[in-house]
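The values are calculated or read from the model by the stated rules, or taken from the named source; none is laboratory data. Because the structure is a prediction, the values reported are computed rather than measured. Reconstructed Cβ throughout: ideal geometry from the backbone, glycine too, with neighbour counts over all protein chains shown. Just so you know, the surface numbers come from the protein's heavy atoms only, side chains and all, with ligands and any DNA or RNA stripped out. Shrake-Rupley method; radii C 1.70, N 1.55, O 1.52, S 1.80 Å.
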Amino acid sequence: MSESSVEGYEKRIADLEARLRELEDVREINEVFRRWHHACTGGFNGIQAGRMEALEVLTDDATIEIQALHESGKGPKGREEYTKYWDFYFGDAGPLPYVFQTSLDQRIEVHGDTAVQYSNQLGIFQSRGAAPMLSLSRRVNYLRRTDGGWKIYKTTGDSAFATTLADLNGPLNPLPPEEQRVQWTYGGRAEVDPMAPLKNH
């Protein structure tokens, strides 16, 4: 085999290995956000909405920025803040007991040990005292490769369309009295009513 043939063969192998790694990265990144949505979803068949396992896909320094809830740069950042933010919403006794969400139209750009994931989020949400809502919004996740696999260090959600539904039917969890909880707020004060985007105006 000539030297040029060996070099060509080695280059082909290297290209195939790079393509395989990218495919594996994309599959793992999609699984990360699937786990997020799975843990957010609940309020039926005894499953609680907003389970804490969602936070396992975040880095310790991650930030969450949802357009309808947070001003740019003022979402919860770091494990202590985003855990407190998340705890406000968790479960049947919280203000947002019924959630079903998933991602559509996912696109991922991998740049070595970082990546950006673009998707559209379809969700059904019902907060206490409000009509259920169907919403479609855009999500962008920024991820980095860690010793524990790919994790999200910033997740953003841009509002798009929402409409109210007549009701929800199914094996819904019966709701206990709502717990009195303290919501996470930027700088110790509420920037917006956290339930406003989900209420029937």
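Overview of values
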read-out: Computed label-point distance, nm, for sites Lys11 and Leu134 using a 7 Å Cα→Cβ extension; value: 5.3
read-out: Net lengthening on full extension, Ala68/Arg144 (0.36 nm per residue, minus Cα-Cα); value: 24.8 nm
read-out: Computed magnitude of the charge dipole of segment 49-201 (debye, nearest 20; Cβ of K, R +1, Cβ of D, E -1); value: 200
read-out: Lysine pairs in the chain with Cα atoms under 20 Å, if 8 or more residues apart or on separate chains; value: 6
read-out: Separation between Cα centres of segment 22-36 and segment 111-127, rounded to whole Å; value: 11
read-out: Rg(Cα)/(2.2 N^0.38 Å) for segment 74-131, N = residue count; value: 1.49
read-out: Positive dipole terminus of segment 1-149, leading residue within Leu16, Ala131, Val110 (C-beta point charges); value: Ala131
read-out: Net lengthening on full extension, Tyr118/Arg21 (0.36 nm per residue, minus Cα-Cα); value: 33.0 nm
read-out: Ile64, Ile108, reordered so the largest accessible area comes first (probe 1.4 Å); value: Ile108, Ile64
read-out: Cleavage-rule hits (trypsin sites (Lys or Arg not before Pro)) in segment 6-83: DSSP loop, at most 12 neighbouring Cβ within 10 angstrom; value: none
read-out: CD proxy at 222 nm, helix term only [per DSSP H run n ≥ 4: -39500 (n - 2.57); per residue of the chain; nearest 500]; value: -8500 deg cm²/dmol
read-out: Solvent-accessible heavy-atom area per residue, rounded to whole Å², over the chain at 1.4 Å; value: 57
read-out: Overall Cα dimensions of segment 3-164 - principal axes, largest extent first, Å; value: 74, 32, 31
read-out: Heavy-atom accessible surface of the chain: percent carbon and sulfur, 1.4 Å; value: 52
